[in-house]
Amino acid sequence: MLAAATIAILVVMLLAIIRCIVGPTLYDRILAFNFFGTKAILLISVLGFLMGRPEFLDIALVYALINFISVIGVLRYSDSAEFKVTPYPPSSTQESDK
Amino acid sequence: MLAHLPILQVVVPLMAAPLCWFLNRSKLVWIFALLVCAATCTNSTLLLIEVMKSGTITYELGGWEAPWGIELRIDKLNAFLLLIISTIATVVMFAANTSIQKELSEDRHTLFYSLYLLSLTGMYGIVATGDAFNVFVFLEISSLSAYALIALGNDRRALWAAFQYLIMGTIGATFILIGIGMLYQMTGTLNMSDLAIRLVDVGHTRTVFVAFAFLIVGLCLKLALFPLHLWLPNAYAYAPSIVTAFLAATSTKVAVYLLIRFTFTVFGISFSFTTLPLQSILMVLGLVGVFVASVTAIYQQNVKHILAYSSIAQVGYMIIGYSINTSTGVMATLLHLFNHALMKSALFLALGAIMYRIGSVQLSQFQGLGRQMPLTMSAIVIGGLSLIGVPLSVGFISKWYLLIASVEAGMWSVAVLILLGSLLAIVYIWRIVEMAYFKPPLPGRETVKEAPWTFLAPIWALVIANIYFGIDTRLSVQVAQAASQSLFGINP
Amino acid sequence: MNVFLEISSGLCLLIGCFLCFSGGIGIIRFPDFYTRMHAASVTDTLGASLVLIGLMLQSPNGVVLMKLILILMCTLFINPSASHALAKAALHNGLLPLQAKPDDQGGNKPSKL
Amino acid sequence: MFLGLYNYWIAILLMMIGFYIVIAHGNLVKKLVGLTIFQTSVFIFYISVGVVERGSAPILAEGISDYSNPLPHVLILTAIVVGIATTALGLALVIRIKESYGCVEEDEIQKLDQLNEEKS
Amino acid sequence: MVIAIAIVRTRNLLAVVMLSGIYGLLSACFFVVVDAVDVAFTEASVGAGISGLLMLAAITITGRKEAPKRHKPFLALFVVLVTGGMLIYGTMDMPYFGAADAPVHQHVAPRYINESMQEVGVPNIVTAVLGSYRAFDTLGEVAVIFTAGIGVLSLLTLPRRRKKTSSDEATEEQMHERHMVVRIVSKALIPFILLFALYVQFHGDFGPGGGFQAGVIFAAGIILYTMLFGLDTAQKVFNPSIIQLLAAVGLLLYASVGVVSMINGANFLDYNVLADDPIDGQHIGILIIELGVGITVASVMLSIFFNFDARRQAIQNSNKQKGEQDVSRTL
């Protein structure tokens, strides 16, 4: 069961990464990042049980906090004028300019 | 206390650096830093005496014996290096106060001294330690503080130079890290002497070859050997003068030391030189470096640039001596380390004095300085002669031994090329001399005075040392000889 | 008792994973940022809690249980508020929901990567 | 034979990517990101070295006899710290460069410098 | 794990930072998988947290678009390929991944695993090695952090001219308004984060964690506070000059442990002499040095962040008062 959960979470992480790479807007990436972070927490917790050393949940806790802090950080800095996104249709081309 | 000498060498400046923050006045901090430098200088002198008398000293940190804990290992080579670094650091520090007043804003003085001491700590650490990973850590201390010191320069190009240096230096350090990692992987140990023993068994594996290659490349980046020297000229040219004098005289020396340490002590001579074409590669690079750098130096307009390129050329000489791979060759390298540190710090300090007076080190601004700042300029001339290798100066001694070594090894062509390289040095030194002595002073510059004594004293101390060690070679040659012979396992 | 615990924890894990997975699919497949956000945050919170509860049921001792509860609390606190802040920032900075554009085609934005 | 080494190869691949970013990209921040990747992959390499099959985390506990090698972990802890220190300093430099040059692209800066040189 | 390629391709720097954050998390996950919990701990807090934040702060200053032109990719590619080729060549003779009979596991490490409990008395072997066997490395590490702190300070310190402009105040207000929910949640979280940092600090002997991680988490908590409540508010609570002094104190604390053991007649950093019983001595020693590490790391991280943020604000202000004064070059 645990192993299955691990695999499922890994797949979801992969999906999140795809979204993060694809974009298209900045906020999609932040969302994917946040999503990814949550999954990482789960992964760590499950892995702890899988390896039979569940004492290491501290790490998952750190992830949770760090994840939150970085999302807030991104948002905080996205306040500055540079990060203003133009309304949707142009933004999809402008943001994913590669 | 005598037993603790090795560690004191490293820890005193380390602890002094944060202490600087508690002394808020620039002058106080300077005196404090000067005292610290002087203390380490005495310390290293004692160490050298001790090592010459009773052989290698080891110091186990935390009381854990060697492969498990970290040990400091002082043999003749490190003791010699420590002495060079600490002397230069002290002498340069002497002039720091005056120069810094002029070149840095008031609120950065404390930070400057802190960084200076940390950089010093890093170098001592690199030289003193006997643990490969520890080398990396201290390397980073010294280079991080070097980046910051360079970035203190007033010109905005200093920032860019520091950034370039940071990128190159970090790549170099990471390469070294990879190399150390591979060595660790093959042997399971990080202690240098232990590595040396255990590498014999696995010396034939490809992993060790690659590890060796990465270490060498990483070190050459730090060393500014010819194709990897790009960071050096700008970094030296735009840093504050004191920083240039300090770094030029010490940091590449430390890298050369590491190169010698890794190739001779850790990998062993037979591995380094017989199984790999290292010797010829480094020899060629060294020679090319000498020529390219010297020729570039001739075309520079900024005197600091000239001297920086000349540093690259001098590194080339050191590498030549090292790659001749005889006891005499390494001895020549060590001598050149010592001598080059003396000459370059004198020269850069003199430039610092000029910077202090006229605020520029462009060659065109040097017009007529020969008469206005006679003491400073004559110091530059003597330093320059020493760079060229004129008899009675230290430069002559090391070049002489370099020639002897190459002739002994039967490499006549190398000897000829070394001589040719010295001829190039004449050209770029002559440009400075011509500008300073045979041109009238620039208009509006008639009132330029001689540099203050805080500059002149260290400069002339170095210059006199330059001449003294050029005439009375016993001390330096003896130590260098002992060090190089111990590397080659010859007991004198 | 033990069997019951096993089964229930397994069930929790299963459902949790399913939810996460659906969230993952949602984040890929949904057409614009706000719908994606919806997919991600809703499933995320519930899914994560379920997985954590599933693990709690398996936990061997009190300390581990405590830590899991802490993590759960964190997730419960953090996820919604982060999503909230994110959505708000997005809206504030001028990113419009898809509906606001009548002539836009639905579906995943073709991206050029 | 190759399976036994795949982990190192991934690490090496990552190193190459990071290294490529550092050398080939002009943007200074990106260079630093590349440097971080480069270093992180070296960390991965080190940690891979320390792995023991069926080993467990090196924290002593009852009933566990195989631990993975703690030494690389220690080294990497130190190296991570060094890495973040370098990154922080680099970023500070970038900020200053931006302030005094007005840009953070390598070639633009070089152009500006050349202009400067010609003027003086 | 080949997210890195995406980083190469993406030009939007902000996205790059996000990706590198994910990369950090991923590599941390990998570290957990291969049992390096301590490293995972650090990498998570550093790779995904602090360095990401710092980069963000830097990007807001420097702008986030990369210029399209790339130069000499072929030469670079060549160099990289040669390097990679060398490395791959080097792996050929390496012991296999996970092989228990590799020399790494035979020579030095067994002593740590088997005897650290008797010699140091700390269950977490990593802490034991870090704090005792290789304490000198750790001292160096603290010095590196300290150096970075001074370096950043020397580069970025602004001359003291903190008078708040009204527009500044207005933006702050507006931002507070907008972040209401987050602010309340964070208010609840911050004490918890700080407490957790202390737990990590002192639990390092028994589980993953230790001074460095604790320092980073502590700093992260305060950074969170700073981001939500504004730099000035935060600096009222955490005076920057005190923080700078604390950084020095941490390093001194560490080094003075060594000096004390030297005075007691043992070698530098030999903790056995700190108490009558060697094990107790080791405990005390490790505790103190971890504390030193924690203090230095937290305060350096904080002061770096403060400086970044102050720069950002200064630039924003100067943008507002267009051309009135050039902040950057008045130094």
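Each value in this text was obtained by applying a stated rule to the coordinates, not by laboratory testing. None of the values given here were measured: they were computed from a predicted structure. Cβ sites come from the backbone with ideal geometry, for glycine too, and all protein chains shown count toward neighbours.
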Pop the C-beta distance of B:Leu23 and B:Arg371 into the FRET formula with R0 = 51 Å and round what comes out to the nearest 0.05.
-> 0.80
Inter-site label distance for B:Leu392 and C:Leu46 at 7 Å from Cα along Cβ, in nm = 9.5 nm
Find how much the distance from B:Ser54 to B:Trp430 grows on full extension, using 0.36 nm per residue of separation minus their present alpha carbon separation; answer in nm with one decimal.
-> 130.7 nm
Theoretical FRET efficiency, 1/(1+(r/R0)^6), r = Cβ-Cβ of B:Ser360 and B:Ile404, R0 56 Å, to 0.05 = 0.85
FRET efficiency for A:Ala4 and E:Phe202, Cβ-Cβ distance as r, R0 = 22 Å, nearest 0.05?
-> 0.05
Order these peptides, B:140-152, B:245-257, C:79-91, by their mean beta-carbon neighbour count within 10 angstrom, highest first.
-> B:140-152, B:245-257, C:79-91
Alpha-carbon centroid distance for the pair segment B:64-93 / segment B:192-243, whole angstrom | 19 Å
Estimated inter-spin distance, C:Ser8 and B:Leu35, nm [label 7 Å along Cα→Cβ] | 7.1 nm
Amide H contacts under 5 Å for D:Tyr67, placed H, 5+ residues apart = D:Ser56
Return a whole-number percent for the relative contact order of segment C:2-95, with Cα pairs under 8 Å and 6 or more residues apart as the contact set.
-> 32 percent
Listed peptides C:63-73, B:182-192 by packing density, highest first (mean Cβ within 10 Å) = B:182-192, C:63-73
Relative contact order [Cα under 8 Å, 6+ residues apart], chain B, whole percent = 14 percent
Tell me which residues come under 5 Å, amide H to amide H, from B:Asn302 once H is placed; ignore anything under 5 positions away on its chain.
-> B:Leu363
Whole Å is fine, so just give me how far the alpha carbon centre of segment E:230-247 lies from that of segment B:353-406.
-> 48 Å
What nm value, rounded to one decimal, do you get for the distance between D:Trp9 and E:Ile184 when each label is placed 7 Å out toward the C-beta?
-> 5.5 nm
Express the C-alpha Rg of the protein assembly as shown as a ratio against the empirical globular expectation 2.2 N^0.38 Å, rounded to two decimals.
-> 0.92
Along segment A:58-74, Karplus-curve 3J(HN,Hα) (6.51, -1.76, 1.60; θ = phi - 60°) to the nearest Hz, with x for Gly and Pro, reads 3, 4, 4, 4, 4, 4, 4, 5, 4, 4, 4, 4, 5, 4, 4, x, 4
Roughly how many whole Å is it from the C-alpha centroid of segment B:287-352 to that of segment D:21-41?
-> 32 Å
For the protein assembly as shown, what is the charge dipole size about the Cα centre, in debye to the nearest 20, if Lys and Arg each add +1 at the Cβ and Asp and Glu each add -1 at the Cβ?
-> 3320 debye
Surpassing 19 Å at the alpha-carbon level, of the pairs E:Lys187/E:Lys236; D:Lys31/D:Lys98; B:Lys344/B:Lys439; A:Lys39/D:Lys31; B:Lys222/D:Lys98; B:Lys76/B:Lys344, are B:Lys344/B:Lys439; A:Lys39/D:Lys31; B:Lys222/D:Lys98; B:Lys76/B:Lys344
